[in-house]
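K.L.:
Below you'll find the structure I mean.
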Amino acid sequence: FTFSSNEAGTFEASLDGGSYTTVSSPSTLTSLTTGSHTYMVRAIDVAGNVDATPASYTWTVDDIAPAAPVITSPAAGAVLTSLSTVISGTTEANSSVSVTINGDVFNTAADGSGNWTITRALATNIYSVTAVATDAASNSSPISATRSFSVNIDPTINVTGTLAALTTTYG
């Protein structure tokens, strides 16, 4: 924190409502715990007059990573028959989610309840999916459990024109 005064003197600061102690500018705070913090700084002039309205700054320290996301859909081992595959799950609310599908990464975001969804057009294949969440403080979760499923799209055959009569001869 950097601070100044329009008069010569000293500064005192209080962290989280604690006692005021003498500080100088800039002032560095270390080893803060997770949670909300308020730092207040007041000036004291050479005559000993104490600033009645200290400057104040409040912020939150977040050094806790989200839990690993949970992939809820599709079901493990499912065989899907649609080109449009919906993959969804839950994680820490409002975090960003990186979903890895057979090595390809796709990004989405969790809503205020922690729900996230991604829709991809997937061809016939076996798929393995994992997810990682990153919160607003850039803390990344562990990788989720792998969810495996397959997509099996029956081919479509279109016949145009007419078919000649078929004859089978047995000999």
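The values are calculated or read from the model by the stated rules, or taken from the named source; none is laboratory data. Since the model is a prediction, treat every value here as computed from it, not as a measurement. Methodologically, a virtual Cβ is constructed for each residue, glycine included, from the backbone with ideal geometry; neighbour enumeration extends over all protein chains shown. Note: accessible area is taken over every heavy atom of the protein model, side chains too, but ligands, DNA and RNA are not part of it. Shrake-Rupley method; radii C 1.70, N 1.55, O 1.52, S 1.80 Å.
K.L.:
Mind counting the residues in segment 67-104 that are in a strand (DSSP E or B) and surrounded by 11 or more Cβ atoms within 10 Å (Cβ to Cβ)?
P.N.:
Going through segment 67-104, the residues in a strand (DSSP E or B) turn out to be 70-73, 79-80, 84-90, 96-101, 104.
Next, from what is left, pick out any that are surrounded by 11 or more Cβ atoms within 10 Å (Cβ to Cβ): 70-73, 79-80, 85-90, 96-101.
Of the residues in segment 67-104, 18 are in a strand (DSSP E or B) and surrounded by 11 or more Cβ atoms within 10 Å (Cβ to Cβ).
K.L.:
Within segment 107-131, track down each residue that is surrounded by 15 or more Cβ atoms within 10 Å (Cβ to Cβ) and under 21 Å from residue 77 (Cα atoms).
P.N.:
The answer is 116, 117, 118, 120, 122, 127, 129, 130, 131.
K.L.:
Look through 137, 123, 133 and report the one residue that is at pLDDT below 95 and under 30 Å from residue 36 (Cα atoms).
P.N.:
Unique residue meeting the criteria: 137.
K.L.:
Same structure again: Could you please find all residues in segment 132-152 being farther than 16 Å from residue 104 by Cβ, assigned to a strand (DSSP E or B) and open to solvent by 20 Å² or more (accessible area, probe 1.4 Å)?
P.N.:
Answer for segment 132-152, where residues must be farther than 16 Å from residue 104 by Cβ, assigned to a strand (DSSP E or B) and open to solvent by 20 Å² or more (accessible area, probe 1.4 Å): 134, 140, 150.
K.L.:
What's the number of the only condition in (1) in a strand (DSSP E or B); (2) out of contact with any Asp or Glu (no Cβ under 7 Å at 6 or more places or on another chain) that residue 44 fails to meet?
P.N.:
So the condition that residue 44 fails would be (2).
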